[in-house]
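Asker: Sharing a structure with you now.
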Amino acid sequence: MKKMKKYWFIIAILTCISVACSSQKKSGSNLDVNKNPQTNTKNESVGNQKDLSFENTKWILKSIDGEEIETLPNPAYIMFGDDERVSGFSGCNGFGGSYYLSGDILKLGNLISTQKGCLYKNPEQLFNNVLSRVDACVVIGNKLIFTQMGKEIATFEGMEE
């Protein structure tokens with residue numbers, strides 16, 4: 001019974017986050033896919049490197065708020081489908097839901113997650129916090145960068161599926 005209450009509580013929170021995100025007005029983002037979002041300078045090192053596709057790429061979590069994520073046997077990741085569905089693994093539990101992408105504006109909504117209790121160290125809580133804060137993204141080469149109000153909050157490294 002306690003697990004069921006926890007499950008519904010998490011769904012309620014995710015629904016509130018989704019509603020809050022979708023009710024925000026779209027504002028122009030200051031991200032330029034050819035610029036580094038932290039320094040606002042042109043990326044010269046990726047000139048000849050082909051950008052991976054945002055969709056249908058497995059994006060492995062590498063850092064959150066500038067802190068490198070410890071490499072785990074089953075690393076946290078996120079994948080965006082061309083059907084506006086998102087899925088992933090947060091380090092302990094799987095998740096899925098919907099997303100909206102327009103230019104560099106990214107909104108995640110209706111995310112649901114499994115509810116395994118995990119005892120080992122994992123980035124799940126930090127990763128879930130990032131998923132609730134992201135408002136834009138950019139792909140540069142094999143990197144996906146999530147930002148909030150123009151500030152980098154997470155980086156991912158892509159693996160083509």
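A short reminder: the numbers here are calculations on the coordinates, not readings from a lab. All figures in this text were calculated on a predicted structure; none of them were measured in a lab. As a convention, Cβ positions derive from the backbone with ideal geometry for all residues, glycine included, and neighbour counts pool all protein chains shown.
Asker: Quick one: of the DSSP bridges fully inside region 48-127, what percent are antiparallel, nearest 5?
Answerer: Working: 21 of 22 bridges.
Once the DSSP bridges in region 48-127 are tallied, antiparallel ones form about 95 percent.
Asker: Follow-up question, since we're still on this one. Give me P(r) over region 119-161, computed from all C-alpha to C-alpha distances, binned every 10 Å, as integer percentages.
Answerer: With a bin width of 10 Å, the distribution comes to 27, 46, 24, 2.
Asker: Next question, about the same structure. Around Leu101, what is the net charge, scoring Lys/Arg as +1 and Asp/Glu as -1 over all other residues with Cβ under 11 Å from its Cβ?
Answerer: Its environment carries a net charge of -3.
Asker: Would you tally the net charge around Cys92, using a Cβ to Cβ cut-off of less than 13 Å, leaving Cys92 out, and scoring K and R as +1, D and E as -1? Intermediate results must be reported in sequence, preceding the final value.
Answerer: Numbers: positive: Lys116, Lys121; negative: Glu124.
Taking every other residue near Cys92 into account, the sum is +1.
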